[in-house]
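A short worksheet on the structure shown next.
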Amino acid sequence: MPKHNENGASAMQRRRFKDTLTFPDRMAKEAKRFRQEAESKRPGQERDDLLRKARQAETAAHIDQWVSSPGLKPPE
């Protein structure tokens, strides 16, 4: 049986936080981090993987912007 605190709430509560950056901004930040890390690597699989992750993060940001655009209309 779960433990409860003095307010009657479960002691095992999930911590919530508010993102201060938008999703596209977070993805751009991640892409930049992956590219910087890739610059320090020698050519090879690890570097290729980091560059792939950077492109994926950039693509995710672009897709999010496209989906959120006011010009996008639902299918009829």
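The values are calculated or read from the model by the stated rules, or taken from the named source; none is laboratory data. The structure presented is a predicted model; accordingly, all values stated were derived computationally and were not measured. Reconstructed Cβ throughout: ideal geometry from the backbone, glycine too, with neighbour counts over all protein chains shown. Only protein heavy atoms, including side chains, enter the accessible area calculation; ligands, DNA and RNA are left aside. Shrake-Rupley method; radii C 1.70, N 1.55, O 1.52, S 1.80 Å.
A few remarks follow.
- Per-peptide average of other Cβ atoms within 10 Å, ordering 63-69, 40-46, 13-19 highest first: 63-69, 40-46, 13-19
- Of all accessible heavy-atom area on the stretch 28-68, the percent that carbon and sulfur account for (1.4 Å): 49 percent
- Cβ-Cβ FRET estimate between S68 and E37, R0 fixed at 25 Å, reported to 0.05: 0.30
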